[in-house]
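Every number here is computed from the coordinates shown, using simple stated rules; none is lab data. Since the structure is predicted, the reported quantities are computational estimates derived from the model, not experimental observations. All Cβ positions, glycine included, derive from the backbone under ideal geometry; neighbour counts span all protein chains shown.
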Amino acid sequence: MSSRSSQETSEVYGDPAIHPQPESYRGHVNPIGIRSCYDEGKRCSETLFSDYHRQHKLRIKAARIFNTYGPKMHPDDGRVASNFIVQALKNAPITIYGDGSQSRSFCFVDDLIEVFVRLMDSEDSFIGPVNTGNPDELTILELAKKILELTGSKSEIVFNPLPSDDPTQRQPDISLARKKLGWETKIRLRT
C-alpha cells in the first residue's frame with residue numbers, strides 16, 4: 001500500500017520566535033492578521049491530514065517546504081527569487097519590502113525532489129512532518145545583490161514598507177531530515 005503525501009510550507013511557523021525552526025516548533029501566527037488565511041490554511045491542512053491518519057490509519061508522509069527556486073519557475077508567481085530575476089532582466093528597479101534585513105533560505109528544486117523521494121521511500125513508521133529546505137540563510141538584500149551580480153543588471157534597489165505580519169526570519173532546522181532520511185542539500189545559493 002502506498003502512502004499519501006502532504007506538502008505544506010514553512011508558513012505553518014508564521015513569523016517564528018525560534019530560529020532555526022525545528023518541526024517540533026508550533027509556530028507564531030497571528031490568527032487575524034492580513035496573512036492569516038494563508039498561514040492558518042497551511043496549519044489546518046496539516047492538522048486534517050494528521051487527523052485522517054490517526055482516525056483511518058491512512059499511511060502518510062508530511063513535508064514542510066521552505067523557499068524553493070529553480071528552472072521553469074513562473075516569472076509572475078509572486079515569489080521573491082523570480083520577482084528579483086524578472087526585475088533584473090528588465091533592468092527594472094528591484095523591489096524590496098522592508099529594509100532587506102529579513103532572512104530566508106532558498107532550496108534548489110533538485111534538492112527538494114530528492115528529499116521528497118527519500119521521504120516517500122522511508123519507513124512506514126516515519127510520517128513527518130519533516131522540514132525540506134536549505135539551512136543556508138541569507139537576507140533579502142543579499143539575495144537582490146546576488147541576482148544583480150549574476151545577471152549583470154543595471155537595476156537599482158528600491159525599498160518599500162514591509163507588509164504587516166511578514167516573517168522576519170525563515171530557516172529550517174533539517175536535523176530530522178538528516179537523521180531519518182540521510183538527506184541534506186547539495187546545491188548552495190551562495191556559490
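Cut-off 18 Å, label point 7 angstrom out along Cα-to-Cβ of Ile187: give me the residues of the range 123-138 whose amide nitrogen falls inside.
132-138
What order do you get for Thr132, Thr9 when you list them from fewest to most C-beta neighbours inside 10 Å? Display every interim value, and only then the final one.
On the way: Thr132 30, Thr9 20.
In order of increasing Cβ crowding within 10 Å: Thr9, Thr132.
Can you list which of the GluC sites (Glu not before Pro) found in the range 74-138 are DSSP loop residues with at most 15 other C-beta atoms within 10 Å? Mind showing how you got there, number by number?
Values: sites: Glu114, Glu123, Glu137; in loops: Glu123, Glu137.
Taking the range 74-138 and a limit of 15 other Cβ atoms within 10 Å, the loop GluC sites (Glu not before Pro) found are Glu123.
Based on the Cβ-Cβ distance from Asp136 to Arg59, what FRET efficiency comes out when R0 is 35 Å, to the nearest 0.05?
Numbers: r = 32 Å, r/R0 = 0.92.
In this case the efficiency is close to 0.60.
Round to the nearest 10 and give me the degree value, 0 to 90, for the angle of helix 36-56's Cα axis relative to the longest principal axis of the chain.
20
Give, in nm to one decimal, the length gained when the segment between Arg26 and Thr151 is fully stretched (0.36 nm per residue of separation minus the Cα-Cα distance).
Length gained, Arg26 through Thr151: 41.1 nm.
Distance check, please: which entries in Lys90/Lys145; Lys57/Lys179; Lys90/Lys146; Lys57/Lys186; Lys146/Lys186; Lys57/Lys180 exceed 23 angstrom between their Cα atoms?
Pairs exceeding the cut-off: Lys57/Lys179; Lys57/Lys186.
Write out the trypsin sites (Lys or Arg not before Pro) in the range 69-168 meeting two conditions: DSSP loop, and at most 16 other Cβ atoms within 10 Å of their Cβ.
Details: sites: Lys72, Arg79, Lys90, Arg104, Arg118, Lys145, Lys146, Lys154; in loops: Lys72, Arg79, Lys90, Lys154.
In loop regions of the range 69-168 (DSSP not H, G, I, E or B), the sparsely surrounded trypsin sites (Lys or Arg not before Pro) are Lys72, Arg79, Lys90, Lys154.
Looking at the square roots a ≥ b ≥ c of the eigenvalues of the Cα gyration tensor of the range 4-181, which shape do they give, rounded for a/c under 1.5, prolate if a/b is larger than b/c, or oblate?
Details: a/c = 2.29, a/b = 1.68, b/c = 1.36.
Verdict is prolate for the range 4-181.
Count the net charge of all other residues whose Cβ sits under 9 Å from the Cβ of Asn83, scoring Lys and Arg as +1 and Asp and Glu as -1.
-1
Filter the trypsin sites (Lys or Arg not before Pro) in the range 1-43 down to the DSSP loop ones having no more than 15 other Cβ atoms within 10 Å, then list what survives.
Arg26
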